[in-house]
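Just below is one structure, and these are the notes that go with it.
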Amino acid sequence: MWEVKYEKSQGLTDSKLSYCPGCAHGIIHKLVAESLVELGILDRSIAIASVGCSVFSYQFFNCDAQQAPHGRACALATGVKRVLPDNIVFTYQGDGDLASIGIAETIHAANRGENITVIFINNAIYGMTGGQMAPTSLIGQKTTTSQDGRTQKNHGNPIKISEMFATIEGVAYLERVAAYDPKHVLNAKKAIKKAFQYQMENRGFTMVEVVSTCPVNWGMKPVDAMKWSKEAMEPVYPLGVFKDKGRE
Amino acid sequence: MAKVLMKGNEAIALAAIKGGVDAFYGYPITPQNEVPEYLSKHLLANGKVFLQAESEVSAINMVYGAAGAGKRVMTSSSSPGIALKQEGISYITAAELPCLIVSVMRGGPGLGSIQPSQGDYYQATRGGGNGDYHLIVFAPESIQETIDTIKESFDIADYYRNPVMVLVDGLIGQMMESVDFDRPKKERFVPEKDWATNGTKNHPGRRNIANSLYLDPAELEQHNIKLHQKYEVIKKNETKFELIDFDNPEYVIVAYGTMARICRSAIEMLKNEGIEVGMIRPITLFPYPEKAFEQIPENVKGILTCELSMGQMLDDVLIANNGKHKVGFFGRAGGMLPDPEEIVGAIKNFNERVVK
Amino acid sequence: MEAKNIKVAGFGGQGVMMFGQILAYSATKDEINGLWFPSYGPETRGGTANCSVIVSDKQINSPVFKNADHLVAFNAPSLEKFKDHVAKNGLILYNSSLIEDEFSQDGSTVVGVPINDIATELGNDKVANMVMMGAYLELTHLFSDETIEAIIKKFLGERKAHLLDVNKKAIQSGKDFVKKLGVKYA
Amino acid sequence: MPKGRVTFNDELCKGCGLCVANCPTHILYQDMKTLNKAGYNIIRVSEPDKCIGCAFCAIMCPDSVITVEVNK
């Protein structure tokens with residue numbers, strides 16, 4: 001008797017993902033979609049798409065969606081959640097969107113303890129616009145706007161969002177995960193699912209930061225990009241649970 | 001209900017409640033602060049949503065979210081704050097979401113002053129956001145008219161799926177007048193919001209998406225054409241103006257909002273001196289009442305545009321006049337208010353004010 | 001009743017804004033139209049404060065007026081600032097406790113009332129503006145005692161309801177002072 | 001009888017190779033001779049009998065190309 005163990009999630013639409021080959025966005029999309037289906041909340045979920053590579057994510061999540069201006073996803077999510085408190089509201093944002101232009105919106109949503117879930121994709125670069133420096137780019141990392149490598153003196157240090165948000169009272173759950181091998185992907189799924197579960201329990205602001213990849217703009221093959229996210233990024237962005245009010 | 005004396009900003013807030021507002025998102029700025037202050041108490045007390053955002057940018061995007069969710073939602077601000085909201089306004093308009101934006105103008109540019117002004121005429125009618133879009137802009141002249149307009153504004157916004165802006169100056173926000181909240185409001189058809197992003201369980205088999213991104217240029221052009229057609233319908237249906245003393249005017253004044261009221265007094269003074277002056281008072285600034293200009297008698301000596309700005313509405317007057325009559329301009333700016341006597345003087349010395 | 005343009009001016013804390021608002025509230029209560037607006041902004045804190053009031057049984061057009069029918073000046077800078085903007089046959093009511101030099105102006109009825117002195121005699125400095133109100137009403141007869149009392153009650157609320165009596169006394173004292181002077185205006 | 005069976009929705013594949021790299025039994029390879037409609041070299045199974053049904057390939061696939069079945 002053959003039994004299906006793994007197939008494409010019903011939480012994703014039939015649209016072909018617009019991401020480059022091997023980009024971890026697709027993996028993380030799956031995890032979000034699977035979580036919404038498994039928790040039985042897909043039909044009351046509202047996705048807030050951001051600006052950047054994930055600008056089209058509203059086409060991929062099989063639920064209602066809004067497309068936010070650059071950086072404003074958490075403001076839209078707040079607007080939706082406040083008037084529809086029984087719905088599940090999540091944002092899906094990259095590092096430029098969340099950690100640069102949208103950091104105020106994100107911090108204040110967290111500080112208010114907005115009962116929303118933020119999926120934060122950190123790949124240390126701007127993908128959509130063509131490989132410019134991100135607030136999370138590593139020291140020494142070469143990008144199209146830091147062609148000799150990022151320096152502390154000129155560009156400042158990579159911003160550590162999870163470390164910073166761990167200090168915010170309104171945050172109920174915050175974990176940094178990675179997607180470079182099956183074990184870490186499965187763990188990322190656990191974290192994402194838990195974040196949604198916390199939202200269902202009205203615990204407050206939840207965020208999962210995913211250390212991700214950008215094979216094209218890093219100039220690497222997808223497999224090497226996974227390796228780089230492990231070997232170069234993880235030491236700067238260590239994985240783990242930064243806050244869990246359920247455990248306190 | 002008998003008339004009550006109420007401050008303009010508080011009346012704006014109460015009228016919004018009467019108009020069925022579900023949520024308010026805003027950020028403090030003078031001279032509109034009594035709007036959020038009043039709503040913070042009375043919306044929350046009624047189980048509705050009030051939230052002071054971290055910035056105007058965030059506030060307008062919260063409005064986007066809640067409007068997309070299908071609720072009646074508003075924000076209010078003043079000149080520099082409205083400038084910050086332009087990004088969100090463009091997106092909301094593009095995504096065809098209804099909402100109410102109250103703009104209480106103060107002196108500008110820049111930080112300017114907190115005194116009354118009409119310096120944001122361009123901002124309201126031309127917008128600072130990107131792309132081809134329009135708000136439906138009402139410019140009431142009194143607190144009573146502001147109340148009546150706001151009560152109806154959600155119906156209008158919902159009908160057209162387009163933001164409505166109620167544009168007043170700081171004086172209307174800060175003054176108190178005797179007003180009646182129970183004047184009957186025009187009954188309008190308000191379609192069901194079957195487009196709201198409120199979860200597919202509410203509309204099985206269809207995903208609702210609030211979006212303004214169209215990477216296919218042909219598709220985006222179609223979207224622009226659709227919006228354009230909507231604005232044409234709005235022009236046809238919603239253009240609103242008042243003609244005052246139009247029997248046999250020697251001159252015609254064009255003024256809106258507080259300036260129109262000042263001009264009303266000036267017109268009375270001139271009448272006492274035997275000078276007949278009529279007035280076109282635009283009530284909607286978009287759509288602009290170009291049709292009203294067709295009713296100006298051939299033999300008038302000229303049209304005087306009066307603004308609390310340096311010649312912004314003048315552009316629309318020149319377009320509407322289309323070279324037919326002499327057009328003059330009188331403006332005060334930066335928070336300065338003229339008294340009626342100044343308008344009287346401007347009419348008497350009309351020829352010195354002719355711009356075209 | 002013909003429209004009345006009223007300018008009320010003084011320094012912050014003298015109850016100038018309240019004075020003006022009471023008139024606008026009273027008009028509304030009497031089912032005519034009232035309009036009040038402050039000269040708002042930072043200058044209202046500690047410095048001079050002034051407000052404009054219009055009461056009329058017709059629609060009120062311009063909220064802005066060049067000349068006031070009535071000027072109520074609570075201190076010398078206010079009188080100085082607005083005395084040249086009083087309409088012909090207008091009324092100038094000033095606080096003679098703070099404006100010691102006798103003041104008069106051609107074409108206007110001018111009345112000085114030592115409102116602070118009278119209030120001090122009543123044992124409550126804060127009701128000086130109501131002494132002024134009494135004098136103003138005695139001269140203009142704009143509103144009845146009942147109307148004014150109802151509005152003052154609203155202003156005091158429950159927390160300060162016990163102050164109604166001293167406010168009423170202050171109004172009466174203002175009226176008595178004008179009666180004693182024998183000045184008539186309207 | 002193998003423990004697992006993998007099938008590919010070839011038209012969704014972008015040929016990134018993450019499945020190949022993460023297969024613990026090394027039975028996946030990229031067919032450099034066969035392109036799908038989008039122009040990517042698709043993935044094939046070299047020794048189906050050795051599939052253990054772990055689903056690592058599918059877990060790592062960003063484009064939800066792979067369906068995994070296990071023999072119960």
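The values are calculated or read from the model by the stated rules, or taken from the named source; none is laboratory data. Just so we're clear, the structure is a prediction, and the values are computed from it rather than from any experiment. Don't worry about glycine lacking a Cβ; one is built from the backbone with ideal geometry, like all the others, and counts go over all protein chains shown. With ligands, DNA and RNA removed, areas are computed over all heavy atoms of the protein, side chains included. Shrake-Rupley method; radii C 1.70, N 1.55, O 1.52, S 1.80 Å.
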Query raised in the report: Which aspartates and glutamates, on any chain, are close to C:K160 with Cα under 20 Å apart, when same-chain ones fewer than 8 places away are left out?
Result: C:D125, C:D145, C:E146, C:E149
Report summary line: One finds the C-alpha centres of the stretch B:330-356 and the stretch B:177-218 to be spaced, in Å, by 43
Report task. Using DSSP to define loop residues, name the GluC sites (Glu not before Pro) in the stretch C:70-111 whose beta-carbon has at most 16 other beta-carbon atoms within 10 Å. Result -> C:E100, C:E102
Query raised in the report: Among the Cys residues of chain D, which have no other cysteine Cβ under 4.7 angstrom away?
Result: D:C13, D:C16, D:C23, D:C51, D:C54, D:C61
Query raised in the report: What net charge is computed for the residues neighbouring B:D182, neighbours being all others with C-beta under 11 Å from the C-beta of B:D182, Lys and Arg scored +1, Asp and Glu -1?
Result: +3
Query raised in the report: Of the chymotrypsin sites (Phe, Trp or Tyr not before Pro) in the stretch B:117-172, which ones lie in a loop per DSSP and count no more than 15 other C-beta atoms within 10 Å?
Result: none
Report task. Would you mind giving the total buried accessible surface between chains C and B, with a 1.4 Å probe and ligands, DNA and RNA left out, rounded to the nearest 100 Å²? Result -> 2000
Report task. Give the relative contact order (percent, whole number) for chain C; include only Cα pairs under 8 Å separated by 6+ residues. Result -> 19
Report summary line: Per DSSP loop assignment and a cutoff of at most 13 other beta carbons within 10 Å, chain B keeps its longest run without exposed GluC sites (Glu not before Pro) at B:1-186
Query raised in the report: To the nearest 20 debye, what is the magnitude of the charge dipole of the protein assembly as shown about its Cα centre, counting +1 on the Cβ of each Lys and Arg and -1 on the Cβ of each Asp and Glu?
Result: 2300
Requested in this report: Pull out a ≥ b ≥ c, the square roots of the eigenvalues of the alpha-carbon gyration tensor of chain C, then state rounded if a/c is under 1.5, prolate if not and a/b is larger than b/c, and oblate in the remaining case.
Outcome: rounded
Query raised in the report: Got the relative contact order for the stretch B:4-238 handy, in percent, Cα pairs under 8 Å and 6 or more residues apart?
Result: 23
Report summary line: Computed for chain A: size of charge dipole around the Cα centre, +1 on C-beta of each Lys and Arg, -1 on C-beta of each Asp and Glu, debye to nearest 20, value 260
Query - Calculated [θ] (222 nm, deg cm²/dmol) that DSSP helices of n ≥ 4 give over the protein assembly as shown, each run adding -39,500 (n - 2.57) - result: -10000 deg cm²/dmol
Requested in this report: Heavy atoms only, probe 1.4 Å: what % of the accessible area of the protein assembly as shown goes to carbon and sulfur, would you let me know?
Outcome: 49
Report summary line: chain B, Gaussian network, Cα under 10 Å: of B:I143, B:I267, B:I209, the residue fluctuating most is B:I209
Query raised in the report: Dipole size in debye (nearest 20) for the stretch B:95-191 around its Cα centre, Lys and Arg Cβ +1, Asp and Glu Cβ -1?
Result: 200
Query raised in the report: On average, how much accessible surface per residue is there in the stretch D:4-70, in Å², for a 1.4 Å probe, leaving out ligands, DNA and RNA?
Result: 44
Query raised in the report: What percent does the relative contact order of the stretch C:119-186 come to when contacts are Cα pairs within less than 8 Å and at least six residues apart?
Result: 52
Requested in this report: Determine the distance separating the Cα centre of the stretch D:1-71 from the Cα centre of the stretch B:236-251; give it in Å without decimals.
Outcome: 74
**Report entry** Counting DSSP beta bridges with both ends in the stretch A:25-244, the antiparallel % (nearest 5)
**Finding:** 15
Requested in this report: Among D:P2, B:F293, C:A3, flag the residue with its Cα farthest along the positive direction of the charge dipole of the protein assembly as shown, charges on Cβ as +1 for Lys/Arg and -1 for Asp/Glu.
Outcome: D:P2
Query raised in the report: Farthest toward the dipole's positive end in the stretch A:25-244, which of A:H70, A:Y126, A:A104, given Cβ charges of +1 (Lys, Arg) and -1 (Asp, Glu) about the Cα centre?
Result: A:Y126
**Report entry** the stretch A:186-248 and the stretch B:264-305: distance between their alpha carbon centers, rounded to Å
**Finding:** 66
